[in-house]
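Heads up, the thing below is written out as structure tokens.
Read-outs throughout are calculated quantities, based only on the coordinates presented, and are distinct from any laboratory measurement. Only a predicted model underlies this, so the values are computations on that prediction, with no experimental measurement involved. With ideal geometry, Cβ positions are generated from the backbone for all residues, glycine too; neighbour counts draw on all protein chains shown.
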Amino acid sequence: MAGKSPRYTTFVIRLPRSAPTLQLERALLAAGYRAIAGVDEVGRGSWAGPVVAAAVVLPLNRPRALWGLAGVRDSKQLSPLQREEAFGAILAATRAVGIGWATHRVIDRDGMAAANRRAMEQAVRHLMVAPDALLIDHFTLAGCPLAQIGVTRGDSRSLSIAAASIVAKVFRDRWMERCDARFPGYGFGRHKGYGTAGHRRAIDDLGPSPIHRLSFAPLVSRAW
């Protein structure tokens, strides 16, 4: 907000388990913030491909624009079809969406924590509406000067974070499906790079693909 120092205190808040609401967003609106971005990422546990983050600014002062988001939940609670439907509704309603990612090479070089924060910071920078506060699933971003709250299980508690989780998931899944055609035999279109028995067998048979994370089990212990 105007007149405030760019230095803010950040903290992690734990709320009771519930469906995502606008409780935190409304509290920030009451405090004077006007462009609140929910931020989340996907792909941390995958054996291949990038970690992808999304930042979403919802039109919090236009309730009718939010009516289509009744089905928005943590992306892990939705089927692929439900995610695609929610993704369309989010894009139709949102004020701004930003995407950021860190490649498998960045993950191998810098570690997951650094790659995750890099992707989130990039997603925030790519927003066409400059946010003045962030709601982030679990994390806070030490290098970001904005007011921010890290919310444990935030994708189940904040509608803005849940929307970001869906956008990130759909974006990453579509990218991994394209990789299925580029690198046949690994089944990326099915498992999206995550650990399955079929994925492990493909690595055993074919070796790592160009997008595998060589710092991750079951690849790190092998000499290729």
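Considered as a group, the residues in the range 137-176 that are among the β-branched types (Val, Ile, Thr) and either under 23 Å from ALA48 (Cβ atoms) or under 9 Å from the mean Cα position of the chain (by Cα) (or both) include one that is surrounded by the fewest Cβ atoms within 10 Å (Cβ to Cβ), and that residue is VAL170.
Is it true that PHE171 is among the aromatic types (Phe, Trp, Tyr), within 21 Å of LYS76 (Cα to Cα) and in a helix (DSSP H, G or I)? So PHE171 passes the test. Scanning the range 95-123 for residues that are within 11 Å of the chain's Cα centre (by Cα) and of a type in the set (Val, Ile, Thr) yields one hit, ILE99.
Cβ-Cβ contacts under 7 Å between residues 6 or more apart (or on different chains), taken from a first residue in the range 73-100 that is farther than 19 Å from ARG34 by Cα and in contact (Cβ under 8 Å) with a residue 40 or more places away in the chain to a second residue that is surrounded by 15 or more Cβ atoms within 10 Å (Cβ to Cβ) and of a type in the set (Ser, Thr, Tyr), are listed as ASP74/SER156; ASP74/SER165; SER75/SER165; ARG83/SER75. Filter the range 177-217 down to the residues that are more than 22 Å from GLU41 (Cβ to Cβ) and touching a helix residue (DSSP H, G or I) at 6+ places or on another chain (Cβ under 6 Å), then identify the one that is surrounded by the most Cβ atoms within 10 Å (Cβ to Cβ). Of everything passing the filter in the range 177-217, TYR186 is surrounded by the most Cβ atoms within 10 Å (Cβ to Cβ).
Inside the range 115-149, residues that are of a type outside the set (A, V, I, L, M, F, W, C) and touching an Asp or Glu at 6+ places or on another chain (Cβ under 8 Å) make up a count of 4.
Scanning the range 83-110 for residues that are farther than 16 Å from PRO59 by Cβ and part of a loop (DSSP other than H, G, I, E, B) turns up just one, THR103.
Taking VAL129, is it within 27 Å of ALA35 (Cβ to Cβ) and not in a loop (DSSP other than H, G, I, E, B)? Answer is no for this residue.
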